[in-house]
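Structure record follows, encoded as structure tokens.
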Amino acid sequence: MTENGPQEDYQNAVADTWFATAFGDLYPVVYAHRTVEAAAPEAAFARRQVALKPTDRILDCGCGTGRHLIHIAPGCRAAVGLDYSSDLLRRARPQLSPTTVLIRGDMRRLPFAAEFDVLFSFFTSFGYFSDAENATTAFEMGRILRPGGRLFLDYLNPIPILHGLTPYSIRHREGLTIEETRWIDDRAHRVNKRVRVRRGVNLLLTYEESVRLYPQDALIALFEAAGLVIDRIFGACDGSSWEESSPRQI
């Protein structure tokens with residue numbers, strides 16, 4: 001290990017099925033700063049932008065532990081959360097009202113008809129798959145919306161990542177040591193991360209993450225091809241206008 005982290009071949013591609021194991025029981029510990037309290041202003045901003053109504057039926061696609069859904073569900077007629085991770089859904093259940101439906105499913109094949117007024121996608125819950133499968137996911141998001149339905153998409157901004165990626169970091173949480181190694185796969189246009197979680201000298205878990213880096217014109221084209229119209233773009237959930245240095249594409 002050097003001061004910049006372990007010596008590894010950072011050009012290794014991440015497995016296509018990385019998401020099947022990345023969102024396990026320790027994921028909320030790795031992302032412990034992503035709390036229900038931190039999600040409150042993000043959820044409030046999203047609700048305002050979609051003009052959420054008490055008659056709306058909503059889907060949180062990639063709901064995780066339900067930290068956004070808990071703030072949004074009380075303001076609508078019916079709320080559904082979908083996630084691929086049974087571990088995260090299990091953590092979500094006690095936080096949410098019994099009337100909030102939780103479903104384990106794959107966003108590439110959403111198990112719904114055109115029945116939702118609003119779809120929310122928070123914290124870069126998009127771009128996990130191949131370009132073709134990401135296009136399918138965008139189509140699925142549009143397909144399950146009723147005519148006039150609204151999509152709120154919170155996705156990373158690739159520009160600051162490409163210019164200022166932190167290749168290695170280490171931190172401590174709840175008696176665990178969390179090491180994160182990050183690299184850009186230039187051929188696949190993806191940002192990758194390898195996470196190692198240790199307790200003392202014992203390695204408890206290693207997993208990887210990989211997200212497609214869509215520039216804004218490509219992201220717009222992807223969703224327009226799925227039948228949606230982009231009417232507003234923000235750079236953060238504080239309502240700031242999008243700039244190249246913005247942390248997000250919303």
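Descriptive notes on the structure:
- Test result for A39, in contact with a helix residue (DSSP H, G or I) (Cβ under 6 Å, 6 or more places away or on another chain), crowded, with 20+ Cβ neighbours inside 10 Å and touching a residue at least 12 places away in the same chain (Cβ under 8 Å): no
- Flag for V201 being more than 15 Å from D131 (Cα to Cα) and buried (at least 18 other Cβ atoms within 10 Å of the Cβ): no
- Those residues of region 91-115 which are over 18 Å from the mean Cα position of the chain (by Cα) and charged (D, E, K, R), in sequence order: R93, E115
- Enumeration of residues in region 23-47 that are of a type outside the set (A, V, I, L, M, F, W, C), at pLDDT below 90 and more than 15 Å from the chain's Cα centre (by Cα): D25
- Wholly enclosed strands (runs of 3 or more DSSP E) of region 154-227 bearing at least 2 residues among the basic types (K, R): 168-173, 190-199
- Subset of region 120-139 [out of contact with any Asp or Glu (no Cβ under 8 Å at 6 or more places or on another chain), farther than 21 Å from A44 by Cα and touching a residue at least 60 places away in the same chain (Cβ under 8 Å)]: G127, Y128, D131, N134, A135, A138, F139
- When residues of region 74-91 are limited to those that are small (G, A, S) and buried (at least 22 other Cβ atoms within 10 Å of the Cβ), the one farthest from F116 (Cα to Cα): S85
- Inter-residue pairs, beta-carbon under 9 Å, first farther than 17 Å from A46 by Cβ and in region 226-250, second outside any loop (DSSP other than H, G, I, E, B) and among the acidic types (D, E), 6+ apart: A226/E140
- Of all residues in region 42-59, those satisfying the criterion of being of a type outside the set (A, V, I, L, M, F, W, C), out of contact with any strand residue (DSSP E or B) (no Cβ under 8 Å at 6 or more places or on another chain) and under 17 Å from S241 (Cα atoms) are E42, R48.
- When the residues of region 208-244 are filtered to those that are touching a Gly at 6+ places or on another chain (Cβ under 7 Å) and open to solvent by less than 40 Å² (accessible area, probe 1.4 Å), the one that is nearest to V29 (Cα to Cα) is V211.
The values are calculated or read from the model by the stated rules, or taken from the named source; none is laboratory data. Treat the numbers as computed from the prediction; the structure is a model and nothing was measured. Glycine also receives a Cβ, built like all others from the backbone with ideal geometry; neighbour counts cover every protein chain displayed. With ligands, DNA and RNA removed, areas are computed over all heavy atoms of the protein, side chains included. Shrake-Rupley method; radii C 1.70, N 1.55, O 1.52, S 1.80 Å.
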